[in-house]
1. Kindly state which helices (runs of 4 or more DSSP H) lie completely within segment 626-685 and contain at least 2 residues that are surrounded by fewer than 20 Cβ atoms within 10 Å (Cβ to Cβ).
2. What single numbered condition from (1) in the same structural domain as Leu471 (by TED's automatic domain parsing); (2) crowded, with 19+ Cβ neighbours inside 10 Å fails to hold for Gly334?
3. Among the residues that make up segment 215-227, is at least one of them at pLDDT 95 or above, touching a Phe, Trp or Tyr at 6+ places or on another chain (Cβ under 7 Å) and not β-branched (Val, Ile, Thr)?
4. With respect to Ala328, is the statement that it is touching a Phe, Trp or Tyr at 6+ places or on another chain (Cβ under 6 Å), surrounded by 14 or more Cβ atoms within 10 Å (Cβ to Cβ), farther than 30 Å from Glu78 by Cβ and not assigned by TED's automatic domain parsing to the domain that holds Gln249 true?
5. Can you tell me how many residues within segment 547-562 are assigned to a helix (DSSP H, G or I), at pLDDT below 85 and not acidic (Asp, Glu)?
6. Could we say that Arg431 is closer than 21 Å to Arg470 by Cα and touching a helix residue (DSSP H, G or I) at 6+ places or on another chain (Cβ under 6 Å) here?
7. Can you name the condition, by its number, that Met452 falls short on among (1) assigned to a loop (DSSP other than H, G, I, E, B); (2) of a type in the set (A, V, I, L, M); (3) without any contact (Cβ under 8 Å) to a residue 60 or more places away in the chain?
8. Being closer than 14 Å to Arg374 by Cα and surrounded by fewer than 24 Cβ atoms within 10 Å (Cβ to Cβ): is that true of Lys307 here?
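The values are calculated or read from the model by the stated rules, or taken from the named source; none is laboratory data. The model shown is predicted, which means the values in this text are computed figures rather than measured ones. Using ideal geometry, Cβ is built from the backbone for each residue, glycine included, and neighbour counts are taken over all protein chains shown.
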Amino acid sequence: MLPGFDGLRFSHWQAAQRDDGVVVLSLDRQDAPVNALSQDVLIELDDILERLAIDPPKGVVFRSAKPSGFIAGADLKEFQDFDRKGTVNDAIRRGQVVFQKVAELPCPTVAAIHGFCMGGGTELSLACDYRVASNDPSTRIGLPEVKLGIFPGWGGSARLPRLVGAPAAMDMMLTGRTLSAPAARGIGLVDKVVEPALLEDSAAALALKGTQRTFKQRFMGWATNSWLARKILAPQMAKQVARKAKKDQYPAPYALIGVWERAGGSGIQARLDAERKAVVKLAGTPTARNLIRIFFLTERLKGLGGKDHGIRHVHVVGAGVMGGDIAAWSAYKGFEVTLQDREQRFIDGALGRAQELFAKRVKDDARRPAVAARLKGDLAGAGVAEADLVIEAIIENPEAKRDLYHVLEPRMKDDALLTSNTSSIPLDELREHIARPDRFAGLHYFNPVAQMPLVEIVQHDRLDPAVVKRLAAFCKALDKFPVPVAGTPGFLVNRVLFPYMLEAATAYAEGIPGVVIDRTAVKFGMPMGPIELIDTVGLDVAQGVGAELSPFLGLQVPAALASVEPGKRGKKDGQGLYKWEQNEKGSKPVKPEAPAGYQAPSDLEDRLILPLLNEAVACLHDGVVADADLLDAGVIFGTGFAPFRGGPIQHIRATGADALVERLLALQARHGDRFAPRPGWDNPLLRQPVE
């Protein structure tokens, strides 16, 4: 028993003294699979620190007793509860006080980091004198709070700029990106990188012997936080942030820059006070509440499938943009993949694109050949007989797909799954003559596959529910979010997105400049404008979706989408509604400016956004997804719908369903029946209070 700890029992922390006199504090949060910093964990640590301060050991090492990682951050469920009760200030103050006690312990302190070290975990490590990290690939260190609409509030923003210099620190906090152990060592965040087996011993040795930071690191910590540096750098940082996020939509990065600019040269307590006040204010904003809600939606999606997918070999038929990229991503994520098409030239093109993906994603040159070897061209389709999962990704033509299934299915293993990447065709139309419809489903990916996080698992009434779980687990293995959807036309994402894109095309046909339409949508919070989006997905694809969905939704397709000229399909041809120019990052649209003095119609935003909301309500009414949360998650991750607004249903609740119906009726009177409110606006779920 450690001195001063007689009779004490701890629920979350384990304290042990090594033979060399160093005390090791191991966090093993009770009844939890991962370590998160709840108030109970902090209170218990506070008690331990008070006793250590009375009779200091030769050093203290903080580590995790869980093999999965160090600390995942604060307990966000608890944080949500504090927000509802108005006690966020108290919770943040407690974290700051406890970590300051770590910083003031009269003995050396070291954080021994293995696996994930996020948010509050990184802030605890920053309160220590030194940090040692394992060189395991799973070790990632970050401060991702900006992605939750806040910024580090337990001393992270106060300490990191002084440790690694303001430019590196602010880049890390403003982007929320995580660093590997070597990268953290490179900026001075970590003092030493070692093998996992040597982690505790190395941390203890560092506590006993210490280390001297380089003159450059010490100078950067001082010089880049000086009054002059802050006055010069802060406006530049804000300008960079403004390129990606608007202040009224995402206030956290601007608040972080402002706090650092005003208080970055003060003493530690003044910096902590400024940090706490700003984070408390941010925590009460709709943006923070919605982004934290989205975090929990992602956790729900990750939990849909578990780990047991039983898939090793994936066979993809169709080496076009979608099929080829699905194959490449699957190989990158560890699956054996064969890729089939009717001509070798299509396969060769897909393999070439795959090499570009591997070059970007696989940083280790030595590993890249093994990754590339997992993807093989298969003109004859020999891989069908070996595959655990077959993905069809050919043209959006029901007859062509059914003909292909007729050839594929007899060659497949009995327990193999057959899936389609169809973007809009109901599965009832595709399953005719399939011998095992219980093993047939849709796996609808989105373009570009490497960037879009969502996959719709498209269901029908004869599908085995166990297959849905297997496919969800497969999506998880691909680092994708699965959303099970009904197999009605357009499923969820395209059904919601199509009226939005159709109205944009209609406005474009009326003569409203494309750049004006796009700016209006981006101002609302969409990641790109709908005219640019049409060009990006391809006018031919939009035409195919339109042919499938317009009769179902009772909408008219404007000429811009009704017929597509050869060589003018959009981004892939370099010409569509816009002209596209190549640059070092790919290609970007050339958007002609609106005529001088042009004024956008006052109802343009409503014309674009309300059709999307209207169809989202109809999807909820029709049971396309199981509930409103899944609908919001699917539309956010499938379309990029303004995350700070929390999704279509959350936005309807915040704005007021009745007010939106009135605006739809006004549009209907002005522009026609396509704006008539769809069934479902009387759903009580739309009138739940927004927390």
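1. The qualifying helices (runs of 4 or more DSSP H) are 648-655, 657-671.
2. Gly334 satisfies every listed condition except (2).
3. Scanning segment 215-227, I find no residue that is at pLDDT 95 or above, touching a Phe, Trp or Tyr at 6+ places or on another chain (Cβ under 7 Å) and not β-branched (Val, Ile, Thr), so the answer is no.
4. In short, no.
5. 5
6. So Arg431 fits the description; yes.
7. Only one criterion in (1) assigned to a loop (DSSP other than H, G, I, E, B); (2) of a type in the set (A, V, I, L, M); (3) without any contact (Cβ under 8 Å) to a residue 60 or more places away in the chain is unmet by Met452, namely (3).
8. Judged against the criteria, Lys307 is not a match.
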